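Data block below; observations after.
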């Protein structure tokens, strides 16, 4: 089998991403699809194949080659939002070895488990402040009031972004990661680029005790980051450093509110929380389709030969609900041993911020459940709207009753 039938993907596929993955898997672990804007690619939904491909050196991520493929494959007149701003996209998530190895080495030490553990008191403090602000309310939208500001504050403090700049930065990020108009995406990209360029110049002139200052002045065996590398690295760390956790927190709360028995188990035994976070990552993770890869040579996977020069999308949500790997995959179980999930990817591009996301989610969920024992969903599940994005899997809003 080489290509097979091409599946047309509906514009609103992100509204039920799990059903989308399930329907694709029913026709085989690897399917050729046409995305809503006309891009033909392959989507993998099978856990075993996904894990292999995430670490397969025959799948490349180089932005320049990817941009050329986009231009060649998109229908005439279609907007290419895959490379919304090349200057922002040259980070380690979009590079291959040896460049990837060099870039990752320069930031790895900032996100080790030991380094991240030192942030616990500050994360707990921010969580308490946000919960205090909610304390007098009967109802709230947990996305803008809790799930979003916690990780945004943490990553901005870590990198040295001024408090007054954070809301604007968050708005640019949301535009760039959603299915926005080409004009909106271009404006957000240009705004982000100008802001980060200025911020880096500021850190170079007046270094502070923050990660971005460290990266500006970093040297590892005589190596350092070039100006374009600094801009794109700052973009990656700031955007990925909060987007994933915003969705992880909100998705986890929703999962618990829809499963009262699991919520009761977690309330009765808070020691279950670290393991429960792994189950939340597996059950309803924050990333839908992993960032784009393309084949540098023909690749056979799941009985399908994907030709050279084809885009491959790996469904992390689909892989994490593969019954071959996780029994009863559609059932939330906070006592499940969910390790081995692919929510943070696998291989050399495994999420560098995973320890930070896990810690933030654990503290946020623990604090929220302890503070509001009567927490309940304030909408019907089918009324909830997901962000129109093939990358991030997150809610536009999460209305709740606090008491």
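The values are calculated or read from the model by the stated rules, or taken from the named source; none is laboratory data. Since the structure is predicted, the reported quantities are computational estimates derived from the model, not experimental observations. Quick reminder, even Gly has a Cβ in these numbers, built from the backbone with ideal geometry, and neighbours come from all protein chains shown.
Restricting attention to the stretch 23-51, the residues that are buried (at least 18 other Cβ atoms within 10 Å of the Cβ) and assigned to a helix (DSSP H, G or I) total 6. Being touching a residue at least 24 places away in the same chain (Cβ under 8 Å), surrounded by fewer than 22 Cβ atoms within 10 Å (Cβ to Cβ) and touching a strand residue (DSSP E or B) at 6+ places or on another chain (Cβ under 8 Å) holds for only one residue in 236, 193, 254, 263, and it is 254.
Applying the set (1) at pLDDT 85 or above; (2) touching a strand residue (DSSP E or B) at 6+ places or on another chain (Cβ under 9 Å); (3) closer than 28 Å to residue 388 by Cα to residue 138 leaves exactly one unmet item: (3). Residue by residue through the stretch 306-320, note down the ones that are over 22 Å from the mean Cα position of the chain (by Cα) and crowded, with 22+ Cβ neighbours inside 10 Å. Across the stretch 306-320, the qualifying residue is only 306. What about residue 225, is it within 28 Å of residue 290 (Cα to Cα) and part of a loop (DSSP other than H, G, I, E, B)? Spelling it out, residue 225 is indeed within 28 Å of residue 290 (Cα to Cα) and part of a loop (DSSP other than H, G, I, E, B).
Taken together, 369, 398 contain a single residue that is in contact with a strand residue (DSSP E or B) (Cβ under 7 Å, 6 or more places away or on another chain) and at pLDDT 95 or above, which is 398. The residues of the stretch 118-134 that are surrounded by 11 or more Cβ atoms within 10 Å (Cβ to Cβ) and either in contact (Cβ under 8 Å) with a residue 60 or more places away in the chain or not in a helix (DSSP H, G or I) (or both), listed by number, are 119, 120, 123, 124, 127, 128, 131, 134. Cβ-Cβ distances below 6 Å connect the following pairs, each with a first residue in the stretch 138-150 that is touching a residue at least 24 places away in the same chain (Cβ under 8 Å) and at negative phi, a second residue that is assigned to a strand (DSSP E or B) and surrounded by fewer than 18 Cβ atoms within 10 Å (Cβ to Cβ), and a separation of six or more residues or different chains: 139/401; 141/399. Just one of the listed residues (364, 337, 343, 323) is over 16 Å from the mean Cα position of the chain (by Cα), more than 17 Å from residue 110 (Cβ to Cβ) and buried (at least 18 other Cβ atoms within 10 Å of the Cβ), and it is 364.
Among the numbered conditions (1) under 25 Å from residue 114 (Cα atoms); (2) at pLDDT 95 or above; (3) under 15 Å from the mean Cα position of the chain (by Cα); (4) surrounded by 24 or more Cβ atoms within 10 Å (Cβ to Cβ), the only one that residue 356 does not meet is (2).
When 20, 13 are checked against the criterion of being surrounded by 19 or more Cβ atoms within 10 Å (Cβ to Cβ), more than 18 Å from the chain's Cα centre (by Cα) and farther than 14 Å from residue 311 by Cα, 20 stands alone in meeting it. Only one entry in 79, 110, 87, 67 is in contact with a helix residue (DSSP H, G or I) (Cβ under 7 Å, 6 or more places away or on another chain) and either assigned to a helix (DSSP H, G or I) or at pLDDT 85 or above (or both), namely 110.
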